[in-house]
Amino acid sequence: MLRPASLQEASDALAAASTSGRTLRIGETLLTDRLNRVLQHEAGDLTCTVEAGIRLSELRAVLAPHGQRLSLDPPGDPTVGACLAASLSGPLRHRFGGPRDLVLGVTLVLGDGTVANAGGTVVKNVAGYDLGKLVCGSRGTLALIARVSLRLHPVQSAAATLVVETGDAAGVAHALLRSQLQPSALDVLHPGRVLVLFEGVEPAVDAQLAAARALVGGAAGDEDAWAESRERQGAALGRLRFAPRDLRNTLSTLREAIVRPAVGVAYVPNRVGGVPPAGVRRLERGLKAAFDPAGALA
Amino acid sequence: MSLPPDLIGELETQVGPEHVIVEPEQLRVYDCDGLTGWRATPSAVVLPASTGEVQGVLRACSRASVPWVARGAGTGLSGGALPVAEGIVIALTRMDAILEVDLGSQRVVVQPGVTNLDVTRAVEADGFFYAPDPSSQQVCTIGGNVAENSGGAHCLKNGFTVNHVTGLTLVLPDGEAVELGGRSLDADGPDLLGVVVGSEGTLGIVTEITLRVLRTPEAVTTMLAAFHSLDAAGSACSRVISSGITPAAIEMMDRLTIEAAEQAFRPGYPEGAGSVLLVELDGVTAQVEHDARAVEALCRELGAFDVRVAQDAEERRLLWLGRKGAFPAMGRISPDYYVQDGVVPRTRLPEVLRRIEELSAERGLRVGNVFHAGDGNLHPLVLYDAAAGETERAKDLADAILEACLDAGGSLTGEHGIGVDKVCAMPGMFSERDLEVFTRLRAVFDPAGLANPGKVLPTPRLCGEVPGPFRLHPLERMGVAERF
Ligand SMILES: Cc1cc2nc3c(=O)[nH]c(=O)nc-3n(C[C@H](O)[C@H](O)[C@H](O)COP(=O)(O)OP(=O)(O)OC[C@H]3O[C@@H](n4cnc5c(N)ncnc54)[C@H](O)[C@@H]3O)c2cc1C
């Protein structure tokens, strides 16, 4: 088991594996748990740079005293690197985007040991190819994600949850999405329940909650409802995608699921197969050969 | 320049003879984009009408090993659409159909030649809008926006083009068409879509794009705060953001640009202002009202001597008038100007603006600042007179400004792209190793190097063998000083 504690060690490990023909699997035979420092947190800029082995809970503890957060809330307590590599997100995905939308820059160690930077630490930047996005969803097959610069959000002073028990979750979700309300999260706990999270200053949260209740009914809920949503998402084995307008049809084919209607994603109990189209596979193979020519990363 | 003998004939077969331009007079229309100092006349211009035609054109180029440059409206400011003389330009302006409005999914599917504003026009009656709003939105195309990952004043809250593209069709340089993403988000596998957006036409030609549109907000408040100094406005901007408020837009103008705008358009900005901040808030009414009070209080605390709030659409238009007209206004007070696009961390705005003032005084050229302050994206306008031989001096000053941005931990470009304009500055931001990895990525899509050659990545031919002054990458400057 390899546990590099610096970029140099990570680079050496992958270069050596490439030379010797060994295959490493990030998270199993190549661990990032010693790459877990916060390198910079510029509170005034709402940005931070971390080593990718840091867990979300550890980062949360650093940011909370400043009234800030990384708006990523996937189930469990994964590392930042895992969030990117597996494109993990939770209910806050609705408003704040996924890892690809929050990453500003990365330092990668490619399969052959090459260390490369892309992006930067500022919130707006179009210089060079955006490798930080490229590795989102790459499942550790192209590179070890060593450092990540991230966009942060301010924690709002008030929050409220609306729980709508309904036989027509699709109708409720569409009514909310069609309205001018701006929820931070909107989940369907299929079958039968819609959860909505409002954040902001108290009068605005109250107003949104009241307007939402007038529109779709429901009652105030609490953090437990979201914990349940995350837990059920975490237990799901498959991620299913659909065009948001097909929400009703999609729900009708599923017995149970955690669904993000605006994102067009349903977390379902069974595995979801599917092979990408030939052109995409060709590009993925090309990238693998370019970034990990010896196949050092599983 | 001469193309292989059969190529023109083949292109004509692909798109129809009337859509292949070879007349020197007509070719000249395409010889530059918005960066007019760089010009090259292409050997031919082709105007395909469909994905299939684009595929045919690229296959023909691939067989003949002829390089090509994609082009939208040609408003790019970094020379991204600058032709290569020995190659052809592929103009996408005929592909201007909105293919589908799917409001149930909050998506619109378009061809690349559709203008940015037309996307909003297609959905606004239903209460939706397309968020990225470059100032050039009446003319620039979605294909160009995708290639540049364009931003705009209102990207502070809602994100840039890349955050609003959910799917696209990319024709690779060998003619194969690849579908990336779709109507849902979070595709499996590496985020190829995320790397194609912003790749400046170097990975292929985008022929169909699925965009996210947003619901128009319930409330909008626009305010203008006038300060005596640029410093104070810069501090106010970074304080607003760090206080936890996310305005839809925060734009900033300095004395020179205010005066120029005032002469040209009379927006009636407060007299004696050394700088103004234009802040727009949108969202649910109660939140906007609260934030507007907070922003006004913060601005006054930091020295604003006048704060105006637009009471209706007409007043809002007037407040934006000066900002929107700033570039053309500069054209009236200076024969030539050169726009930079550097980015700095918001908290370093005041010091970088001071540095720009110093540099401007040192070099004896005026610099106007009008920019997207909320995300630290500067647009210093270096004013000069080419006829008086000031071009070199202007270029030097612009380079020095970019260096100041990089020194502050920023970026060469926030939205205009690298193109040819900043290609030789890339080694100042990225190491040789970083650039080599970019080259690997590019070659996966375009092994023969036919797609927009000479853009984005420096080559010895363009920039000489000596790499530019190298700075530590911002990531490396922090604590861990490892160099690879
Ligand atoms: C007055 C003015 C104001 C501006 N304001 C802003 C602003 O606020 N924000 C901002 O971000 N930019 C701004 N710009 C810059 C410019 O408008 C944008 O970069 C815009 O996206 C370019 O679009 P275009 O259609 O003109 O593209 P072009 O200039 O024709 O091309 C730009 C690049 O895109 C590539 N390209 C074009 N179409 C395709 C395609 N279908 N597939 C692949 N590659 C393609 C070209 O090869 C080139 O590299 C401004 C420009 C002007 C002149």
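The values are calculated or read from the model by the stated rules, or taken from the named source; none is laboratory data. What you are looking at is a predicted structure, and each value in this text was computed from that prediction instead of being measured. In this analysis, Cβ positions are derived from the backbone assuming ideal geometry, glycine residues included, and neighbour counts consider all displayed protein chains.
Kindly indicate the residue of region B:315-357 that is polar (S, T, N, Q) and buried (at least 22 other Cβ atoms within 10 Å of the Cβ) and also farthest from B:Gly376 (Cα to Cα) among those meeting that condition.
If we take residues in region B:315-357 being polar (S, T, N, Q) and buried (at least 22 other Cβ atoms within 10 Å of the Cβ), then B:Gln340 is farthest from B:Gly376 (Cα to Cα).
Of all residues in region B:407-431, count the ones that are within 15 Å of the ligand (Cβ to nearest atom) and either within 9 Å of chain A (Cβ to nearest Cβ) or of a type in the set (Gly, Ala, Ser) (or both).
10
Restricting attention to region B:432-446, and to residues there that are in contact (Cβ under 8 Å) with a residue 60 or more places away in the chain and at the interface with chain A (Cβ under 9 Å from one of its Cβ atoms), which single residue is farthest from B:Lys422 (Cα to Cα)?
Step by step, filter region B:432-446, then rank; the result is B:Phe445.
Across region B:140-157, what is the number of residues that are within 10 Å of the ligand (Cβ to nearest atom) and part of a helix (DSSP H, G or I)?
8
Check region B:174-185 and report whether any residue there is in contact with a Ser or Thr (Cβ under 7 Å, 6 or more places away or on another chain), in contact (Cβ under 8 Å) with a residue 24 or more places away in the chain, within 15 Å of the ligand (Cβ to nearest atom) and closer than 20 Å to A:Val272 by Cβ.
The answer is no, given that none of the residues of region B:174-185 is in contact with a Ser or Thr (Cβ under 7 Å, 6 or more places away or on another chain), in contact (Cβ under 8 Å) with a residue 24 or more places away in the chain, within 15 Å of the ligand (Cβ to nearest atom) and closer than 20 Å to A:Val272 by Cβ.
Take the residues in region B:125-139 that are near the ligand (Cβ under 10 Å from one of its atoms) and either within 14 Å of chain A (Cβ to nearest Cβ) or under 17 Å from B:Glu280 (Cα atoms) (or both); name whichever of them is surrounded by the most Cβ atoms within 10 Å (Cβ to Cβ).
B:Pro132
Scan the strands (runs of 3 or more DSSP E) fully inside region A:108-178 and keep the ones with 2 or more residues being within 27 Å of A:Val38 (Cβ to Cβ).
Correct list: A:115-119, A:143-151.
Any residue that is away from chain A (no Cβ under 14 Å), away from the ligand (no atom under 14 Å from the Cβ) and β-branched (Val, Ile, Thr) - is there at least one of those in region B:388-395?
Yes - at least one qualifying residue is present in region B:388-395.
From the list B:Gly189, B:Gly167, pick out the single residue that is part of a strand (DSSP E or B), within 13 Å of chain A (Cβ to nearest Cβ), more than 8 Å from the ligand (Cβ to nearest atom) and surrounded by fewer than 24 Cβ atoms within 10 Å (Cβ to Cβ).
Among B:Gly189, B:Gly167, only B:Gly167 is part of a strand (DSSP E or B), within 13 Å of chain A (Cβ to nearest Cβ), more than 8 Å from the ligand (Cβ to nearest atom) and surrounded by fewer than 24 Cβ atoms within 10 Å (Cβ to Cβ).
Hey, any hits in region B:387-394 for a residue that's within 27 Å of B:Ser243 (Cα to Cα), modelled with pLDDT under 95 and part of a helix (DSSP H, G or I)?
no
Yes or no: B:Val220 away from the ligand (no atom under 16 Å from the Cβ) and either out of contact with any Phe, Trp or Tyr (no Cβ under 9 Å at 6 or more places or on another chain) or in a loop (DSSP other than H, G, I, E, B) (or both)?
Answer is yes for this residue.
Quick check on this structure: which one of A:Gly111, A:Gly119, A:Gly81 is at pLDDT 95 or above and under 13 Å from the mean Cα position of the chain (by Cα)?
The unique qualifying residue is A:Gly81.
Go through region A:179-298 and tell me which helices (runs of 4 or more DSSP H), entirely inside it, have 3 or more residues that are more than 14 Å from chain B (Cβ to nearest Cβ) and aliphatic (A, V, I, L, M).
Helices (runs of 4 or more DSSP H) meeting the threshold: A:223-235.
Given the criteria more than 13 Å from the ligand (Cβ to nearest atom), buried (at least 24 other Cβ atoms within 10 Å of the Cβ), within 13 Å of chain A (Cβ to nearest Cβ) and β-branched (Val, Ile, Thr), does B:Val108 qualify?
yes
Hey, among B:Gly414, B:Gly376, B:Gly419, B:Gly410, which residue is on the phi > 0 side of the Ramachandran plot, surrounded by 23 or more Cβ atoms within 10 Å (Cβ to Cβ) and touching a residue at least 60 places away in the same chain (Cβ under 8 Å)?
Unique residue meeting the criteria: B:Gly419.
Can you name the number of the only condition in (1) more than 30 Å from A:Gly286 (Cα to Cα); (2) crowded, with 24+ Cβ neighbours inside 10 Å; (3) of a type outside the set (A, V, I, L, M) that B:Thr210 fails?
B:Thr210 satisfies all of (1) more than 30 Å from A:Gly286 (Cα to Cα); (2) crowded, with 24+ Cβ neighbours inside 10 Å; (3) of a type outside the set (A, V, I, L, M) except (1).
Please go through region B:264-322 and pick out each residue that is assigned to a loop (DSSP other than H, G, I, E, B) and aromatic (Phe, Trp, Tyr).
B:Tyr269, B:Phe305
Is it the case that some residue within region B:245-256 is in a helix (DSSP H, G or I) and buried (at least 18 other Cβ atoms within 10 Å of the Cβ)?
yes
Report the residue count in region B:358-373 for those that are touching a helix residue (DSSP H, G or I) at 6+ places or on another chain (Cβ under 6 Å) and either crowded, with 24+ Cβ neighbours inside 10 Å or in a helix (DSSP H, G or I) (or both).
Residues in region B:358-373 being touching a helix residue (DSSP H, G or I) at 6+ places or on another chain (Cβ under 6 Å) and either crowded, with 24+ Cβ neighbours inside 10 Å or in a helix (DSSP H, G or I) (or both): 6 in total.
Being within 16 Å of the ligand (Cβ to nearest atom) and touching a helix residue (DSSP H, G or I) at 6+ places or on another chain (Cβ under 7 Å) is the filter here, so list the residues in region B:298-327 that pass it.
Those that are within 16 Å of the ligand (Cβ to nearest atom) and touching a helix residue (DSSP H, G or I) at 6+ places or on another chain (Cβ under 7 Å): B:Leu321, B:Gly322, B:Gly325, B:Ala326.
So which of B:Ala122, B:Ala81, B:Ala73 ends up being buried (at least 24 other Cβ atoms within 10 Å of the Cβ), of a type outside the set (Ser, Thr, Tyr) and outside any strand (DSSP E or B)?
B:Ala81
Does A:Gly234 fit the bill of being within 25 Å of the chain's Cα centre (by Cα), closer than 24 Å to B:Ser184 by Cα, of a type outside the set (Phe, Trp, Tyr) and at pLDDT below 95?
Spelling it out, it is not the case that A:Gly234 is within 25 Å of the chain's Cα centre (by Cα), closer than 24 Å to B:Ser184 by Cα, of a type outside the set (Phe, Trp, Tyr) and at pLDDT below 95.
So which residues in region B:205-217 are within 13 Å of the ligand (Cβ to nearest atom) and either over 19 Å from the mean Cα position of the chain (by Cα) or in the same structural domain as B:Asp282 (by TED's automatic domain parsing) (or both)?
Within region B:205-217, B:Thr207, B:Glu208 qualify.
From the list B:Ser65, B:Ser78, which one is of a type in the set (Gly, Ala, Ser), more than 12 Å from the ligand (Cβ to nearest atom) and in contact (Cβ under 8 Å) with a residue 24 or more places away in the chain?
Result: B:Ser65 is the single residue among B:Ser65, B:Ser78 that is of a type in the set (Gly, Ala, Ser), more than 12 Å from the ligand (Cβ to nearest atom) and in contact (Cβ under 8 Å) with a residue 24 or more places away in the chain.
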